[in-house]
Amino acid sequence: MNKQVIPITLRPNAILETGRVSYSDVIQQLPRKGGIRECFVARPGYVYCSCDYGGLELVTHAQHCLWTVGYSKLAEALNAGIKVHDALGATILGISYDDFRGRFVAGDKQCKNIRPAAKPANFGFPGGMGEVKLVQQQRKQGPDTIGPDGRKYKGLRFCILLGAKTCGARKVTEWKRKTITPTCLECIEIVANIRSKWFIQWPENRPVFEFINECIERGQPLPDGTRTKPGQIRQHVSHRLRGGLDFCNAANTFFQGLGADGAKAALQQVTRECYDSTYRLPDGSRSPLFGCRPIVFQHDEIFMEMLEPIAHLAAERLSTVMVEVMRSKYTPDVFIEAPPALMRRWLKEAEPVYLTPENQIRKGANKPGDKLIPYDDRENYPMAA
């Protein structure tokens with residue numbers, strides 16, 4: 001078998017109307033399971049690096065709220081290091097955040113079940129997603145749910161998580177005077193309740209949604225006193241115009257487009273440091289990214305091939321660039337991170353693994369003296385206490 005001697009080169013399409021990118025093949029839609037990604041193996045002397053933003057759309061939505069209405073409880077929570085899915089879970093249960101965290105860490109089943117119900121709400125509702133759509137989306141995309149009788153349900157079932165014995169005991173074909181495919185009534189009612197608690201937890205969303213409605217009906221008000229056309233919005237920072245929008249598309253594009261613009265700007269800087277031999281860091285040294293090659297850009301993730309001897313330095317530089325570019329203009333008021341992970345083959349589950357000076361491995365954030373190593377190599381060392 002011939003060895004691969006050049007990095008993988010893909011064929012990107014033109015930028016989508018959302019500001020996101022796509023390719024002329026299925027590289028961005030490879031399944032998480034089934035061993036397909038694992039067929040990609042780095043060349044001899046190289047390792048792969050995956051670096052993506054943590055909760056990017058939560059961060060960009062919080063920044064959008066700050067710029068639009070002047071405040072954001074979500075931004076406050078993210079900056080304080082609060083786990084926002086747990087915060088919403090606590091509001092759903094009517095308890096304090098600290099009580100929820102304490103019960104969650106202790107293994108409380110109710111809190112353990114509420115968190116996976118709160119997570120899709122935090123990601124779905126900012127884009128105007130309704131109760132029925134969230135229920136149906138999670139049946140396709142969410143993790144499978146095990147009922148109390150041991151029955152396995154495909155996808156996430158909200159009613160089971162909150163104590164129902166079976167899902168679909170009562171199904172409806174109409175909700176809010178609209179015809180829908182047969183769907184579990186209890187799941188819909190639970191998500192409707194979660195949505196009401198979501199507005200309580202993050203109150204900035206009511207005036208933000210009013211702003212979105214104004215953009216659709218009258219056009220977006222601009223700083224110079226003019227307006228865009230009805231149904232047309234001007235993107236934060238880049239000022240890209242996108243028209244012909246309904247409520248959900250407009251709501252999504254403000255924060256999704258902001259993240260897309262910031263991530264592309266980060267990719268541009270990363271690519272320069274990979275190819276430009278004249279580029280120098282502030283201390284006069286050459287970037288450790290020089291000679292590395294970006295392979296896939298997946299919305300909020302840069303996937304690269306790096307020379308193994310310097311991969312630990314290049315990966316940290318990649319993370320630094322991604323964070324600095326995003327914070328420079330796109331999310332200046334909200335904390336964001338982009339932890340890097342090394343691997344020898346493409347592993348979706350890969351996470352940062354560090355080798356300590358004592359030749360032990362540790363997961364989590366980098367500490368002085370630690371060295372980032374490929375996730376595949378973690379079993380070669382003992383786990384640090």
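The values are calculated or read from the model by the stated rules, or taken from the named source; none is laboratory data. Because the structure is a prediction, the values reported are computed rather than measured. With ideal geometry, Cβ positions are generated from the backbone for all residues, glycine too; neighbour counts draw on all protein chains shown. Only protein heavy atoms, including side chains, enter the accessible area calculation; ligands, DNA and RNA are left aside. Shrake-Rupley method; radii C 1.70, N 1.55, O 1.52, S 1.80 Å.
If you count the DSSP beta bridges with both ends in the chain, what percent of them are antiparallel, to the nearest 5?
95
Short version: what are the Cα gyration tensor semi-axes of the stretch 124-189, square root of 5 times each eigenvalue, largest first, in whole Å?
Semi-axes from the Cα gyration tensor: 20, 14, 9 Å.
Rounded to a whole number of µm²/s, how large is the Stokes-Einstein D of the stretch 214-279 at 25 °C and 0.890 mPa s, given Rh as the Kirkwood radius over C-alpha pairs? Working shown, then result.
Details: Rh = 13.3 Å.
It comes out at roughly 184 µm²/s.
Just report the Cα centroid separation between the stretch 138-186 and the stretch 1-80, whole Å.
So the separation of the two Cα centres works out to 30 Å.
Under a 1.4 angstrom probe, counting protein chains only, how are 175, 198 ranked by accessible area, largest first?
The ordering from most to least exposed comes out as 175, 198.
For the chain, what is the accessible area per residue in Å² when the probe is 1.4 Å?
Here the per-residue accessible area is 50 Å².
Report the Stokes-Einstein translational diffusion coefficient (µm² s⁻¹, integer) for the chain, Rh taken as the Kirkwood radius over Cα pairs, at 25 °C with viscosity 0.890 mPa s.
Using the Kirkwood radius from Cα pairs, D works out to 106 µm²/s.
So what's the angle, to the nearest 10 degrees on a 0 to 90 scale, between helix 56-69 and the longest Cα principal axis of the chain?
Once rounded, one gets 60 degrees.
How large, in percent, is the carbon and sulfur part of the accessible surface of the stretch 56-122 at a probe radius of 1.4 Å?
Carbon and sulfur: 50 percent of the exposed surface of the stretch 56-122.
Rounded, prolate or oblate: which fits the stretch 137-294, taking a ≥ b ≥ c as square roots of the Cα gyration tensor eigenvalues, rounded meaning a/c under 1.5, else prolate when a/b beats b/c? Each step should come with its number before you reach the end.
Values: a/c = 3.17, a/b = 1.49, b/c = 2.13.
Here the stretch 137-294 falls in the oblate category.
How big is the accessible area of residue 174 in square angstrom, nearest 10, if you roll a 1.4 angstrom probe over the protein chains?
110
When the chain is modelled as a GNM with alpha-carbon springs shorter than 10 Å, which of 315, 350, 75 fluctuates the most?
So, out of 315, 350, 75, the one fluctuating most is 350.
Using a 10 angstrom cutoff on alpha carbons, build the Gaussian network for the chain and name the most mobile of 70, 34, 128.
34
Enumerate the amide H contacts of residue 175 below 5 Å, restricted to partners 5 or more residues apart or on another chain; note that Pro and chain-start residues carry no placed amide H.
Here 180 satisfy the definition.
Would you please classify the overall shape of the stretch 237-383 from the alpha carbon gyration tensor, given that a ≥ b ≥ c denote the square roots of the eigenvalues, rounded means a/c under 1.5, and beyond that prolate means a/b larger than b/c while oblate covers the rest?
Details: a/c = 2.23, a/b = 1.64, b/c = 1.36.
Prolate, because a/c is 1.5 or more and a/b exceeds b/c.
Computed FRET efficiency, Cβ-Cβ of residue 151 and residue 15, R0 25 Å: what is it to the nearest 0.05?
About 0.05, to the nearest 0.05.
Please list, in chain and number order, the residues 5+ apart from residue 353 or on another chain whose amide H is under 5 Å from its amide H, with Hs placed from the backbone.
342, 373
Please report the accessible area of residue 344 (heavy atoms, 1.4 Å probe, ligands and nucleic acids excluded) in Å², nearest 10.
Taking all protein chains as shown, residue 344 has close to 80 Å².
Calculate, in nm to one decimal, what residue 192 and residue 310 gain on full extension: separation in residues at 0.36 nm each, minus their alpha carbon distance. Numbers along the way, then the final one.
Details: separation 118, 0.36 × 118 = 42.48 nm, distance 5.06 nm.
Extra length from residue 192 to residue 310 when fully extended: 37.4 nm.
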